[in-house]
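Have a look at the structure below before the remarks.
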Amino acid sequence: MNKRLNIKQRDLRNAMLFISPWIVGTLVFKLYPILASFYYSLTDYSVVNPPVYVGLDNYASLFHDPLFYQSLANTLYMGVFGTALTTAFAILIAVLLNNRKLKGLSFLRVVFFLPTLVPVVIIGILWIWLLQADNGVINTLLSYIGIDGPAWLADPSWAKPSFILMMLWSSGGAMIIYIAGLQEIPESLYESAAIDGAGFLRQTLSITLPLLSPVILFNVVTLVINVFQWFAEPLIMTSGGPDNATLFYSLNLFRNAFQYFKMGYASAMAWILLLIAMVIILILFKLNKKFGHIE
Amino acid sequence: MSIPSIERKRDYQLASAHQRQSFKNGIQLTAQYILLLIFAVCFLIPFFWLVSESLKKPSELFEVPMLWWPKSPQWSNFTLMFSSFPFLLYLKNTMMLVIPTMIGSIVSNALVAYGFSRLEWKYREQVFVIVLITMILPFQVTMIPLFLLFKELHWVNTYLPLTVPHFFGNPFFIFLLRQFLLGIPKELSFSARIDGANEFQIFYRIVMPLAKPVLTTVAIFAFLHTWNDFIGPLIYLSDNHMYTLSLGAQQIMGTLDPKWNILMALGVTMTLPVLVLFFIMQKYFIQGITMSGMKG
């Protein structure tokens with residue numbers, strides 16, 4: 001009896017030793033910054049002078065800042081259209097790539113994954129040139145089929161769609177996850193559906209999509225949260241222009257923090273971001289439960 | 001007499017239905033294949049373009065209509081990269097971040113994941129939920145206080161803010177390793193304990209050798225993340241002797257004469273090692289990504 005207790009105690013002590021790096025890391029690099037960030041959000045802090053407590057002033061002025069609303073609207077645009085198109089596209093490619101009757105697919109699978117390996121700065125440099133109005137690849141290809149392409153990144157109404165194109169090109173990671181999800185679906189379901197005369201489309205709608213829904217949900221959550229945190233590409237390619245059309249939420253936050261040194265203001269934006277992320281996750285987990293019941 | 005004839009008729013009908021079905025399937029398969037090929041070509045064009053631009057003369061970059069391929073490929077752009085861009089210095093700086101990050105990621109996450117999988121303790125699963133929650137904590141929330149903290153410590157413009165945190169666990173890697181370690185039979189640990197091995201010996205001599213595949217995945221992801229990272233160096237490195245390849249490339253873009261063809265050559269040079277790594281280690285990449293998406 002006594003010995004068993006010792007084993008339990010020894011295991012606990014050992015476990016705490018093993019996870020100690022994580023405990024320290026979480027306290028110093030996660031918990032402290034979360035709390036400090038909330039404190040800073042209640043101050044006026046320009047780094048040069050010590051922080052001055054101003055209460056909820058930063059939040060109040062955020063709600064009167066047209067740029068705050070514009071950056072939020074830009075991000076929601078990407079969150080809705082970017083996520084929807086990327087998800088539909090990634091599932092389409094994954095379904096096509098999962099067809100065991102087609103040959104040479106392992107090579108094609110690699111092709112769709114390659115863009116995710118390119119460093120973000122290089123993606124930025126490359127896409128600036130692909131999207132050039134008069135001698136870019138995309139408009140040249142469009143001109144072959146008689147379409148006069150837009151000015152993309154230089155045109156306020158086409159700048160966000162330009163970034164959606166880039167999102168599609170970089171969706172290889174999601175495709176891999178969808179393929180893995182598809183391979184979990186038993187082949188026998190498709191066989192019996194085929195005997196009943198269901199075609200490819202019918203099989204996709206009644207078997208593939210419902211059984212894939214947990215994976216879709218996971219990918220959508222990841223994508224939406226990434227959209228809210230995403231700012232390297234617009235920072236490199238457009239720095240928010242033209243006409244603030246690509247001033248996304250996190251780019252706006254980054255600028256306030258590291259270009260205007262309004263640390264208090266930026267911290268308030270960070271806390272709102274945290275709340276938005278939590279709400280999104282909560283909603284999607286509720287949805288997950290619903291889907292789970294259907295299964 | 002009539003019965004066989006009906007049967008024959010039904011056989012005939014079945015066969016022709018089958019034929020029609022397989023013909024339809026054939027068309028459908030061909031259509032799917034063509035669709036995939038079109039998309040695949042679209043996905044490859046940017047890579048082709050990167051190479052094509054990296055071999056152009058400066059004047060050819062701006063030609064309208066565009067040139068699919070330069071008239072005489074300028075391979076010298078790749079040697080110019082060394083003289084007009086501090087390539088070797090920035091490569092060295094990048095490695096100064098990559099190597100500690102890889103070591104820190106492997107060591108710390110292996111230890112932590114071991115504590116969360118190979119040892120039984122009360123509230124283990126509850127504490128692990130905290131790991132999962134921190135995985136979705138937005139980077140922007142911690143970015144400002146950490147910058148101010150590192151500034152107080154006089155770590156800004158050193159590599160410490162970009163490497164030290166990797167020695168304290170990363171929730172995604174902990175999750176990845178834990179999934180793998182849970183699958184190793186417990187009996188191995190039991191018998192080692194009976195033989196008198198202490199917990200660290202079991203970790204180091206028995207469990208870690210078995211976990212090599214997933215440790216490789218962690219090492220690859222840590223490498224890739226640091227090699228490609230741009231935001232971290234942008235925040236913390238202000239002295240241009242300290243720049244990494246990514247940050248150096250981005251800073252040149254903002255200058256008056258960015259020498260785009262040299263930048264494209266740099267792009268080819270930075271992407272190539274990653275692609276080679278991918279082709280050698282494909283299995284580990286796919287395994288890591290698949291595990292991250294298949295929690296349930």
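Structure values in brief
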| quantity | calculated |
| --- | --- |
| Residue-averaged beta-carbon neighbours from other chains (10 angstrom radius) around B:270-276 | 3 |
| Rounded if a/c under 1.5, otherwise prolate or oblate - chain A, Cα gyration tensor axes | oblate |
| Nearest-0.05 FRET efficiency for residue B:25 and residue A:31, computed from C-beta distance (R0 45 Å) | 0.20 |
| Unsatisfied cross-links (Cα-Cα over 25 Å) in the set A:30/A:262; A:101/B:24; A:103/B:283; A:289/B:283; A:30/B:186; B:122/B:186 | A:289/B:283; A:30/B:186 |
| Highest to lowest packing among A:47-53, A:268-274, scored as the average C-beta count within 10 Å | A:268-274, A:47-53 |
| Within 10 Å of each Cβ in B:254-260, the average number of Cβ atoms from other chains | 1 |
| Residues of type aspartates and glutamates that residue A:160 reaches as a straight line, Cα spacing below 18 Å, ignoring anything fewer than 8 places off in the same chain | A:233, A:243 |
| Calculated FRET value between residue B:132 and residue B:34, using beta carbons and R₀ = 41 Å, to 0.05 | 0.45 |
| Sites excluded, trypsin sites (Lys or Arg not before Pro) in DSSP loops with at most 13 other C-beta within 10 Å, longest stretch of chain A | A:104-295 |
| Long-range HN-HN contacts of residue A:43 with modeled amide H, under 5 Å | A:54 |
| Taking N as its residue count, the alpha carbon Rg of chain B over 2.2 N^0.38 Å | 1.45 |
| Residue among B:108, B:153, B:33 farthest towards the positive dipole end of the protein assembly as shown, charges placed on Cβ | B:108 |
| Nearest-20 debye value, the stretch B:107-187 charge dipole, Cβ charges on Lys, Arg, Asp, Glu | 80 debye |
| Inter-site label distance for residue A:12 and residue A:47 at 7 Å from Cα along Cβ, in nm | 4.6 nm |
| DSSP loop trypsin sites (Lys or Arg not before Pro) with at most 11 other Cβ within 10 Å: longest gap in chain B | B:187-294 |
| For the stretch B:63-219: rounded, prolate or oblate by the Cα gyration tensor [a/c cutoff 1.5] | prolate |
| Pairwise FRET efficiency - residue A:287 versus residue A:189, Cβ, R0 = 25 Å, nearest 0.05 | 0.60 |
| Test item: Cα-centred dipole of the protein assembly as shown, Lys/Arg +1 and Asp/Glu -1 on Cβ, debye | 1900 debye |
| Of B:206, B:106, B:174, the one that fluctuates the most in a GNM where chain B has Cα springs shorter than 10 Å | B:206 |
| Most mobile of B:233, B:138, B:73 in a GNM of chain B (Cα contacts under 10 Å) | B:138 |
| Radius ratio Rg over Rh of the protein assembly as shown, counting only Cα atoms, Kirkwood formula for Rh | 1.01 |
| Rough spin-label spacing in nm, given labels placed 7 Å along Cα→Cβ, for residue B:256 and residue B:92 | 3.0 nm |
| Test item: A:30-40 mean partner chain Cβ contacts at 10 Å | 5 |
| The stretch A:172-223 shape via C-alpha gyration tensor axes, a/c threshold 1.5 | prolate |
| Check: chain A dipole with +1 on Lys, Arg Cβ and -1 on Asp, Glu Cβ, in debye | 1380 debye |
| Projected label distance in nm at residue B:99 and residue A:142, using a 7 Å step from Cα toward the beta-carbon | 4.8 nm |
| 20 Å Cα-Cα reach of residue B:56 towards aspartates and glutamates, excluding residues that sit fewer than 8 places from it in its own chain | A:134, B:257 |
| Lysines whose Cα lies under 25 Å from that of residue B:57, excluding same-chain neighbours fewer than 8 positions away | B:71, B:259 |
| Diffusion coefficient, µm² s⁻¹, Stokes-Einstein with Kirkwood Rh over alpha-carbon pairs of the stretch B:80-173 at 10 °C and 1.306 mPa s | 100 µm²/s |
| Among B:114, B:204, B:159, residue whose mean-square fluctuation peaks in a GNM of chain B (springs only between Cα atoms under 10 Å) | B:204 |
| Net charge, residue A:256 excluded, C-beta distance under 15 Å - Lys, Arg +1, Asp, Glu -1 | -1 |
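Rule-based calculations on the coordinates, nothing more; no lab input. Computed from a prediction, not measured in an experiment: that's the story for all the values here. Using ideal geometry, Cβ is built from the backbone for each residue, glycine included, and neighbour counts are taken over all protein chains shown.
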